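The values are calculated or read from the model by the stated rules, or taken from the named source; none is laboratory data. Being a predicted model, the structure only gives us computed values, none of them experimental. Cβ placement follows ideal geometry from the backbone for every residue including glycine, while neighbour counts extend to all protein chains displayed. Heavy atoms of the whole protein, side chains included, go into the accessibility calculation; ligands, DNA and RNA do not. Shrake-Rupley method; radii C 1.70, N 1.55, O 1.52, S 1.80 Å.
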Amino acid sequence: MGVKGLQYFMDCCCPGACVTVNLREMARQHADKSQQDPTIVVDGMACLRHWYSCKDWICGGQWREYMDVLKRWVEAFTSAGIRLVFFFDGVVEEKKRQAWVKRRRRVNRDVSKMFRHVKAYGEQPGRELFCLPSGLASFTRFALSSLGQEVFCSVQEADYEIASYARQHGSMGILGQDSDFIIYDSAPYLSVAKLRIDSLTTVLYDRQRLCQTIGLAVTQLPLLACLLGNDVVSEERMQHVRNNAMETYRTNDPASHSGAPQGQMVLAVSHLVCSLWSREEQQTGLIPQSLDLSAPQKELVKKGVRSYLLPGQEGLQQGDISVPPCGFEKHVSPEILKACREKHVAAEGYMVYSVVCEGVIECSNTLEDEEDAELQPQALVYKPCRQRIYGLLLLQGHDGSSDDLPAIKEWFVYPGNPLKEPEIVPAVPNSLPGDQPSLDSLWFGSGSEVSALRLTCFLSIFDCQEFSELHGAIEDSLLAALCLVTHIVLQGQTLSQEDVDAYLSQAVCLRLKSPKELQQIKLPFLSSRAVQLGSLYIRGLSHLLGANCASGCPLPNAALMPWHSFDGRLFHSKYLLAHSGTEKSVLLDSDSSCLSLFLHLREKLTETCRKQGRVLQSRPRVTEHKTTPGPRYRGRHTGRPPGGENWRERGETTGDHRHGGGGWRERGEARGDPREYENSERLWDRGGGMRGGHFHPHPHSYSNWHDGGPQNWSRPPRQSRGRSYGNTGRYQLAPRWSQPPAPGT
């Protein structure tokens, strides 16, 4: 949520309400006063853009570096004696759906600009087109849990649950970036945007001082928020009220006319709210009766005001806070329903709660090129496995008739989907020997037979039952990566042998890389196709996670995290190498054990695909990028290539492209304020040069192979036996290929 213009008003027009605080000192005072451990409730979604400070974001994410950032961030608070409690959005409430759709369409516009920039310049654009890596919010929950933090996933509006928790537990503050936390009568609102992690200082937005400035009581703030506009009451619905308020305000106080328009609006509406209450001797409802609104508008404003009333506060009526309906009670047992909710709230599950308890699932924007007709959107690539997940969860005991097949409402953002309504996706039974297994036995059963059945169910979702023999023989993260790449190949007919080699080689080599080594990988240029393939892989990891949860967790969830099987820069480098015809030994860092493991995995994948009629073909793409002459990229560049805008019509991408006065928050979105970041540097390896457009690692940058022998694939070697070509920072040019460049490289 967020109140239109209120954040700007406090920052620019009400400096007395913006107090710089030292969190260490604030924690000490809080502990002395309350005799409790000081706790800060953290709005995780609002922190994502601040946490992900890695230089590379376009290639799919630098996940190991990101883990180090999170660890240092948490340690800064715990060293000061501050306990952290994290909340993440777990649902999109239907009353917020249109606002969610509007923002998704707007982000689509930025994604399109981003791809155009990559194809024109072969580099990552500036921060005004910053996009968070796909799946960052989902995987961050697991990352923080692995660091020993208390993490919750909401079943209602996350802002509401954050404010409720902070009020109920007497928390020291709420750390976020959402002006709604000013409106809630809860703990003090602390700005994550103004946070200095080294000194633990930030700005506290003082609710009482704000009220003193604008002449309102704290209890009147919810009405102010609704009239200014938020996600419940749209800005447009109350436009006439604000216009009248502004006209009255300027007439009664001409001197204020010289102030900033945003500031005038907040003051004008505040004066209106104050005058409405003063006209009525006894206020009995949520809004003054004298407010000039139609009956439907009044009901809408009442709903908006109720959304700010926390448990125990005056005016909260039973039933005001909606409880998410259970979508498919008849298909699962009460024990499963309870387990779904508990896993969801504790941020230990993925997808199962949305499917079973809501019957609705959504996926935000992914880095996908709407102008590339060759690669399928991730929503379509993974649709078959989602349907099997739905089937595993909902089809136990089903008679197989199509009359009563449960179906899930999917809100997936992808090119060509206008998001006007959800797609209705039916559950599909899994291809398993015997009857569909009981979900209760899968989740709560014990014994070797149940363990084997869990693994079989998991593998069947990706058509990879034959990989059961690899369980225990290779690392779980590699087994998961093999399943994922196999599924991508089976569903994506345009993937080539080179694409598979890039996927598998980076998964094998990643085990031997430190975060520092990964950061130092140099990329001569970026391929728009590799960008999309990287995001496709990460979205697939979230589907692996959902399949694992639905199957009773045959694999530890930790094995499915991206920091164990993917790094964006490493994958991009392997993609460029694979498509340039690099020898497999060099692709595997001249490490014999890595090469042996890679060939073993590739053989398994190829055999499985062949049995299902999918034969991989070699289709190398000329990894060449012709740079556009001119100055280096600057932060204010639009990201458009030279020439016209011959966009293909593949769905609606229109939407409000403004920031809305800074009053509403973009939850984990792909939008960045260019003023908050330095201009990005070009990701161009000038050491190797690009005269011929191709590159090949210098042969002397690798150590000699070590003699092999029988390989133990269950664990990586103790140390790297070779060095990544990216660590040398230089390339040796390969001969120019004779055929013309393929499209999309």
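If r is the Cβ-Cβ distance from residue 250 to residue 76 and R0 is 41 Å, what FRET efficiency results, to the nearest 0.05? Step by step, r from the Cβ atoms, then E = 0.30.
Seen from residue 164, the other residues with C-beta closer than 12 Å to its C-beta sum to a net charge of -3, counting Lys and Arg as +1 and Asp and Glu as -1.
With protein chains left intact and a 1.4 Å probe, residues in segment 1-128 average 33 Å² of accessible area per residue. Across segment 358-460, the volume of the C-alpha convex hull divided among the residues equals 136 Å³ per residue. Ranked by the mean number of other Cβ atoms within 10 Å of their residues, highest first, the peptides 494-503, 537-546 fall in the order 537-546, 494-503.
What a 1.4 Å probe finds exposed on segment 84-143 is 47% carbon and sulfur by accessible area, rounded to a whole percent.
Over segment 446-485, the pair-distance histogram of Cα-Cα distances with 10 Å bins from zero comes to 30, 59, 11, 0 percent, rounded to whole numbers.
Each label was represented as a point 7 Å from its Cα along the Cα-to-Cβ direction; for residue 212 and residue 299 these points are 4.2 nm apart.
May I ask you to list the lysines whose Cα is less than 30 Å away from that of residue 584, ignoring any residue fewer than eight positions away on the same chain? List returned: 55, 119, 513, 516, 522, 574, 604, 611, 626. Peptides 212-220, 580-588, ordered by how many other C-beta atoms sit within 10 Å of their residues on average, highest first, read 580-588, 212-220. Prolate is the label for segment 520-591, because a/c, from the alpha-carbon gyration tensor with a ≥ b ≥ c as root eigenvalues, is 1.5 or above and a/b exceeds b/c. Placing a label point 7 Å from the Cα of residue 374 along the Cα-to-Cβ direction, the residues of segment 574-605 with a backbone N closer than 14 Å are 576, 579-580.
According to the square roots a ≥ b ≥ c of the eigenvalues of the Cα gyration tensor, what is the shape class of segment 42-139, taking rounded for a/c under 1.5, prolate for a/b larger than b/c otherwise, and oblate for the remainder? Oblate, because a/c is 1.5 or more while a/b does not exceed b/c.
Extension gain for residue 278-residue 19 works out to 90.2 nm (0.36 nm per residue, less the C-alpha to C-alpha distance).
Computed FRET efficiency, Cβ-Cβ of residue 409 and residue 50, R0 35 Å: what is it to the nearest 0.05? Using R0 = 35 Å, I get an efficiency of 0.60. Modelled spin labels at residue 471 and residue 193, positioned 7 Å past Cα toward Cβ, are 4.9 nm from each other. All C-alpha to C-alpha distances of segment 78-207, sorted into 10 Å bins beginning at zero, yield P(r) values of 10, 30, 35, 19, 5, 0 percent in whole numbers. If R0 equals 45 Å, the separation of the Cβ atoms of residue 31 and residue 516 corresponds to a calculated FRET efficiency of about 0.75. The residues of segment 129-255 expose, per residue, 33 Å² of accessible area to a 1.4 Å probe.
Per-peptide packing, taken as the mean over residues of other Cβ atoms within 10 Å, places 463-474, 610-621, 364-375 in the sequence 364-375, 463-474, 610-621 from highest down. Working from label points 7 Å from Cα in the Cα-to-Cβ sense, the residue 583 to residue 102 distance is 6.0 nm.
A dipole drawn for segment 1-132 from +1 and -1 charges on Cβ atoms has a positive end, and of 26, 5, 63 the residue lying farthest that way is 5. Classify segment 1-70 as rounded, prolate or oblate from the Cα gyration tensor: take a ≥ b ≥ c as the square roots of its eigenvalues, call it rounded if a/c is under 1.5, otherwise prolate when a/b beats b/c and oblate if not. Oblate shape, in that a/c is at least 1.5 and b/c is the bigger or equal ratio.
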